[in-house]
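Here's the structure, in structure tokens; my notes come after.
The values are calculated or read from the model by the stated rules, or taken from the named source; none is laboratory data. The structure presented is a predicted model; accordingly, all values stated were derived computationally and were not measured. Neighbour counts run over all protein chains shown; Cβ positions are idealised from the backbone, glycine included.
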């Protein structure tokens with residue numbers, strides 16, 4: 001069986017989980033406590049990060065961007081990077097927007113400081129970083145609003161990897177109750193549509209011991 | 001004419017320049033002082049970063065990973081992400097290694113602190129960051145050595161986007177004289193082969209006013 005090493009609140013792992021689910025690719029999940037730097041895991045991925053996908057024959061795939069393109073090539077139905085080259089570039093631009101810019105400005109500052117630091121034993125959260133994360137989030141929710149008001153999905157007419165990447169990050173923030181959805185109705189409407197997809201449901205069932213999510217986290221009509 | 005907005009010592013811009021050169025795609029270079037946050041440029045790419053590629057008909061492409069995949073689709077000769085899906089995933093894994101991990105651990109700490117901070121008016125270089133960059137670089141040169149001793153090119157038998165991404169970062173470091181090539185003969189041999197490619201030559205002619213590179217920077221037989 002295909003195996004995906006992951007961490008529950010890692011947005012990159014979540015992105016790959018949703019892609020696998022969308023494509024109905026069978027796999028098992030395996031939590032990898034990356035902060036323990038297990039030698040057997042480092043042998044799979046010298047970068048020491050999740051997600052890592054191990055195929056049934058032992059082939060190892062690492063880096064979420066490479067894994068998603070691989071799955072797109074291996075399981076072309078449904079297409080998640082669809083269209084002509086320019087449309088595909090727009091999808092990939094937005095994937096990079098969320099995986100690089102949103103991650104650096106928001107996810108790392110909020111999920112990283114409040115949750116991952118605890119696991120990593122890196123001490124108390126940095127309150128300046130948390131303030132920065134809260135200050136940056138509205139800019140991104142405005143951008144999602146801008147896109148959602150002009151397009152059916154973030155990158156255009158079709159649901160795509162851009163929606164998955166964005167929702168993967170937001171779902172981690174939502175788990176810690178940090179998204180002011182009420183102030184962003186168009187973004188909320190977009191996220192409601194994502195939450196209702198069968199591919200996304202397993203993420204809403206995630207439950208970290210001792211750190212339950214807020215009640216609206218798994219609610220499809222929040 | 002196709003236009004590429006770039007910054008001379010931006011490794012992501014350099015990666016796209018080499019891809020364009022490899023594919024013999026015609027373009028003009030336009031320096032964009034991203035630190036000035038010019039409104040017309042932000043309208044092209046709200047992320048405010050280079051590289052940005054503008055096609056002759058005005059179509060705008062941003063984010064180097066999206067631009068490279070776009071160019072791969074538009075100009076399939078030569079193929080820079082070649083092979084079956086697993087081989088393509090290995091190429092993309094290494095591109096992410098250099099663009100994310102190497103960038104965070106080395107490029108940002110050395111080129112960012114010593115050069116970009118000056119342009120950005122962000123004050124004095126952070127000496128702790130510079131020490132971290134110098135401490136991290138040997139780990140990566142060891143990894144390049146490991147790959148170069150087992151493969152013709154970093155990702156396998158064929159020259160690929162992985163070589164271009166790695167060389168783009170190293171060429172920026174080399175411009176400031178920060179690569180101890182003599183201690184890494186296999187990595188140096190690989191880089192000599194990159195430097196001798198016609199696609200790479202224009203990068204070796206880059207010359208920043210008031211900040212000349214060391215003599216070996218453009219030397220093909222350094």
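Checked against (1) without any contact (Cβ under 8 Å) to a residue 24 or more places away in the chain; (2) surrounded by fewer than 16 Cβ atoms within 10 Å (Cβ to Cβ); (3) outside the structural domain of residue A:25 (by TED's automatic domain parsing), residue A:117 meets all criteria but (2). In the stretch A:92-114 there is no residue that is within 14 Å of chain B (Cβ to nearest Cβ), over 17 Å from the mean Cα position of the chain (by Cα) and crowded, with 21+ Cβ neighbours inside 10 Å. Of the numbered criteria (1) under 19 Å from the mean Cα position of the chain (by Cα); (2) on the phi > 0 side of the Ramachandran plot, the one residue A:164 fails is (2). Does the stretch B:55-91 hold any residues that are facing chain A (nearest Cβ under 7 Å) and surrounded by fewer than 19 Cβ atoms within 10 Å (Cβ to Cβ), and which are they? Correct list: B:59, B:73, B:74, B:85, B:86. Here residue B:174 meets each of (1) part of a helix (DSSP H, G or I); (2) over 30 Å from residue A:48 (Cβ atoms); (3) modelled with pLDDT of 95 or more with one exception, condition (2). Selection within the stretch B:142-157: residues that are in a helix (DSSP H, G or I) and more than 14 Å from chain A (Cβ to nearest Cβ). The member of this set that is surrounded by the fewest Cβ atoms within 10 Å (Cβ to Cβ) is B:149.
So which residues in the stretch A:42-52 are within 9 Å of chain B (Cβ to nearest Cβ) and under 21 Å from the mean Cα position of the chain (by Cα), if there are any at all? Within the stretch A:42-52, A:45, A:47, A:49 qualify. Test residue B:12 against the criterion of being farther than 22 Å from residue B:208 by Cα, surrounded by 14 or more Cβ atoms within 10 Å (Cβ to Cβ) and touching a helix residue (DSSP H, G or I) at 6+ places or on another chain (Cβ under 9 Å), and give yes or no. No, not satisfied.
The condition of being in contact with a helix residue (DSSP H, G or I) (Cβ under 6 Å, 6 or more places away or on another chain) and without any contact (Cβ under 8 Å) to a residue 60 or more places away in the chain holds for only one of B:133, B:177, that being B:133.
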